[in-house]
Amino acid sequence: MVDHSAGIERDAFDPSCDHLVLVDPARREGDHVIGSYRLMRGDQAAALGRFYSEDEYDLAPLRATGRRLLELGRSCLHVDYRGGAAMYHLWHGLADYVTAHGVEILFGVASFHGTDPEALALPLSYLHHNHLAPPDLRVRARVHARMDLLPRDRIDRKRAMIETPALIKAYLRLGGHVGDGAFVDHPFNTTDVCLVMDTARMNDKQRDLYTRPRRT
């Protein structure tokens, strides 16, 4: 259920997930909650029968690894706190959660606005050519929309990154890869890509991005 006027989104997965919440006790107006993540471990998904993103992507490659999985969803940050240290504090909390539960692979769906992949040809093609997941982690969109819409030599990297949402760029900085194909979600007016992050493949610089919060 989504109520845009009230700023509320909920579904049947919420009660079975863990919710990482960031608060600012010094906030003077409105709620002290300024950010959140919805976290679903493999054991929680097993109890429900599936992960949320399995409607869009075939997660068989991830399941076949036999490693501990964590689905990231509902990433939300108050508009007044975007572009600052808040996201790093969320990542720091996420890193603690990953360590506590022995998580090895993180994944989740992130979105571009709009439902026309051709209009997103530049950033989608950039992601496909430069950040495609290795075969053992390469999930595939169930209703497959091609991402390799432009050849590599026609891609303007700077412009592609400008047209890529901040959350996707953040996952790329953490060493994230994209699955095979985009999923066009008409009810939500988005074009989705699946991001996959393998903690074992992160280098020290990438790991530090989410284990050390930025100082304010």
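Shape analysis of the chain yields a ratio of the Cα radius of gyration to the Kirkwood radius, Rg/Rh, of 0.95. Here Lys158, Lys169 are placed in order of increasing Cβ neighbour count within 10 Å, fewest first, which gives Lys158, Lys169.
Residue exposure proxy: Tyr57, Tyr37, ordered by other Cβ atoms within 10 angstrom of their Cβ from fewest to most, comes out as Tyr37, Tyr57.
The value of relative contact order for region 2-211, using C-alpha pairs under 8 Å at least six residues apart, is 21 percent. Only helices enter this figure: runs of n ≥ 4 DSSP H residues, each worth -39500 (n - 2.57), summed and divided by the residues of the chain, yield -8000 deg cm²/dmol at 222 nm to the nearest 500.
Within the chain, the whole DSSP H helices whose Cα atoms reach 20 Å or more along their own axis and whose mean Kyte-Doolittle score is at least 0.0 are 86-101.
Bear in mind these aren't lab numbers, they're just calculated from the coordinates by the rules spelled out. These numbers come from a predicted model, not from an experiment. Cβ atoms come from the backbone with ideal geometry, glycine included; neighbour counts cover every protein chain shown.
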